[in-house]
Amino acid sequence: MFTKNSQNKSLEQLSSEEIKEFQNEKLREQIEYLAEHSTFYKKRFLEGNIDWKSIKAIEDLARLPVTTKNDLQLYNQDFLCVSPTEIIDYSTTSGTLGDPVTFGLTEKDLERLANNEVNSFQRIGVKKGDIVQLMTTIDRRFMAGLAYFLGLRKLGVGVIRVGAGVPQLQWDSILKYKPKYLVAVPSFLLKMIDYAEKNGIDYKNSSVKAVLCIGEALRDKELKSSLLAEKITTKWDITLFSTYASTEMSTAFTECEFGLGGHHQPDLIITEILDDQNKEVADGELGELTITTLGIEGMPLLRFKTGDLLRKHVEKCKCNSNTYRLGPVEGRKQHMIKYKGTTLYPPALHDVLAHFDEVKLHLIEIYSNELGTDEILLRVVSTDETEDFLLKLKDYFRAKLRVTPVIKFEKFDHLQNIIFRPESRKPITFIDYREQ
């Protein structure tokens, strides 16, 4: 069901030039829609003396100011382009100033969201008649869980809505309904394996063949398997597919079988990878993902800076799609850590800890010391709390990252209550106490 153009050709099979022209046309439509319906962008065009009609191509976007998360938080309602009576679903995402940011979706937006996930699931091989187990929440105003369900429903797939956590319930459902695919946070798969081994479940011969992995990177910046991915597949012979999305985008970038980055969906989104001066970086260079959504009615966004730092890969994929891909998120702009002269991001710390089987849970805490510089505390649950193992941990950090954070061993129950909070939709493995 990949989107087709007027000649009934898959957009992904068009040439780069044809894809670009298609996107230029959709951009003009979206700009006109914003100029007519968005209180926020109408005001921005007026105050900036911006001739929106002159924005005719992707290259013209550089003449426009960017939109930030602070804008979304401060002027949330001004982004809404339809009457509240047309909103069918209310989703939220975290904001930079405390309160969550609300996104209202119309009937058309929900249809777009479903088509987005149809394309993602088709890319990893899901087809009508398959069974997929959702191991992520569909409630708590969480867009992703809803998107997966809508896409699978449209594809004609059987869905088992188990939700997050509870390894026993996950295995009960797998053994009873025999899903071929899971949608899960990859680190939770290690807990599934651990539970199966302790309870005599023959997980290696289960019905599960592949997992669509959310929330954590499966690749490093060279697109090679991360330590987390290797730990899972060494134990369990299943295929892991990475997908990257956000509430603001209402769009997923999902990798194909070749694992060369998440594929762009040209009918849904325009992306730019920008530096600190809002200038586009060269292909393959690290920069901040900035997005312009296409085809959204409720709350479309123009040049929205996501805060995610990643790379664009433009060489042709082995699957013969002509779309570019996005690499894994290597860090978030506001999560940058300057530690003892070294610039770090949380994913690098997560990856080092994933190397050790002894580490069962971990929490990264960042705070400012009395000199105003960054400090890192790693709170770790480990099966080995000896001084020798602590030295091994520190040596590995020094070898991989050139610095060694403070490491503190914790009790399982105490740290588990912090990481897996009932009110949170995702595990909390990073807390930043610095003043923003």
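The values are calculated or read from the model by the stated rules, or taken from the named source; none is laboratory data. What you see is a predicted model; the values in this text were computed from it and never measured. Positions of Cβ are backbone-derived with ideal geometry, glycine not excepted, and every protein chain shown enters the neighbour counts. Ligands, DNA and RNA are stripped out before the accessible areas are found, and what is left, the full protein with its side chains, is counted by its heavy atoms. Shrake-Rupley method; radii C 1.70, N 1.55, O 1.52, S 1.80 Å.
Of the residues making up the range 348-362, one or more are part of a helix (DSSP H, G or I), out of contact with any Phe, Trp or Tyr (no Cβ under 6 Å at 6 or more places or on another chain) and of a type outside the set (A, V, I, L, M).
Table: residues versus (1) open to solvent by 20 Å² or more (accessible area, probe 1.4 Å); (2) modelled with pLDDT of 90 or more.
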{"position": "282", "(1), (2)": "yes, yes"}
{"position": "294", "(1), (2)": "no, yes"}
{"position": "311", "(1), (2)": "yes, yes"}
{"position": "317", "(1), (2)": "no, yes"}
{"position": "336", "(1), (2)": "yes, no"}
{"position": "360", "(1), (2)": "yes, yes"}
{"position": "370", "(1), (2)": "yes, no"}
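For beta carbons closer than 7 Å, sequence separation of 6+ or different chains, a first residue in the range 46-71 that is under 17 Å from residue 273 (Cβ atoms) and a second that is among the acidic types (Asp, Glu) and not in a loop (DSSP other than H, G, I, E, B), the qualifying pairs are 61/272. So, of the residues in the range 191-240 that are β-branched (Val, Ile, Thr) and free of Cβ contacts under 8 Å to residues at least 12 places away in the same chain, which turns out to be surrounded by the fewest Cβ atoms within 10 Å (Cβ to Cβ)? So the residue we want is 234. All conditions in (1) under 30 Å from residue 81 (Cα atoms); (2) touching a Phe, Trp or Tyr at 6+ places or on another chain (Cβ under 6 Å) hold for residue 160, with the sole exception of (1). With respect to (1) open to solvent by 20 Å² or more (accessible area, probe 1.4 Å); (2) under 28 Å from residue 143 (Cα atoms), the lone exception for residue 326 is condition (1). Looking at 184, 164, just one residue is among the hydrophobic types (A, V, I, L, M, F, W, C), open to solvent by less than 30 Å² (accessible area, probe 1.4 Å), under 30 Å from residue 105 (Cα atoms) and touching a Ser or Thr at 6+ places or on another chain (Cβ under 8 Å), and that residue is 184. Among the residues of the range 38-94, the ones that are closer than 19 Å to residue 289 by Cβ and open to solvent by 60 Å² or more (accessible area, probe 1.4 Å) come to 4 in all.
Being open to solvent by less than 10 Å² (accessible area, probe 1.4 Å) and not in a loop (DSSP other than H, G, I, E, B) is the requirement here; does residue 132 meet it? Walk me through how you get there before you give the answer.
Working: open to solvent by less than 10 Å² (accessible area, probe 1.4 Å): yes; not in a loop (DSSP other than H, G, I, E, B): yes.
Spelling it out, residue 132 is indeed open to solvent by less than 10 Å² (accessible area, probe 1.4 Å) and not in a loop (DSSP other than H, G, I, E, B).
Among the residues in the range 323-333, are any closer than 20 Å to residue 217 by Cα and over 20 Å from the mean Cα position of the chain (by Cα)? Show your work before the answer.
If we filter the range 323-333 for residues that are closer than 20 Å to residue 217 by Cα, which is where we start, we get 324-333.
Next, from what is left, pick out any that are over 20 Å from the mean Cα position of the chain (by Cα): none.
No; the residues of the range 323-333 include none that is closer than 20 Å to residue 217 by Cα and over 20 Å from the mean Cα position of the chain (by Cα).
Cβ-Cβ contacts under 6 Å between residues 6 or more apart (or on different chains), taken from a first residue in the range 26-38 that is farther than 14 Å from residue 61 by Cβ to a second residue that is part of a helix (DSSP H, G or I), are listed as 35/52. In summary, strands (runs of 3 or more DSSP E) completely within the range 257-324 and bearing 1 or more residues that are among the basic types (Lys, Arg) occur at 304-310.
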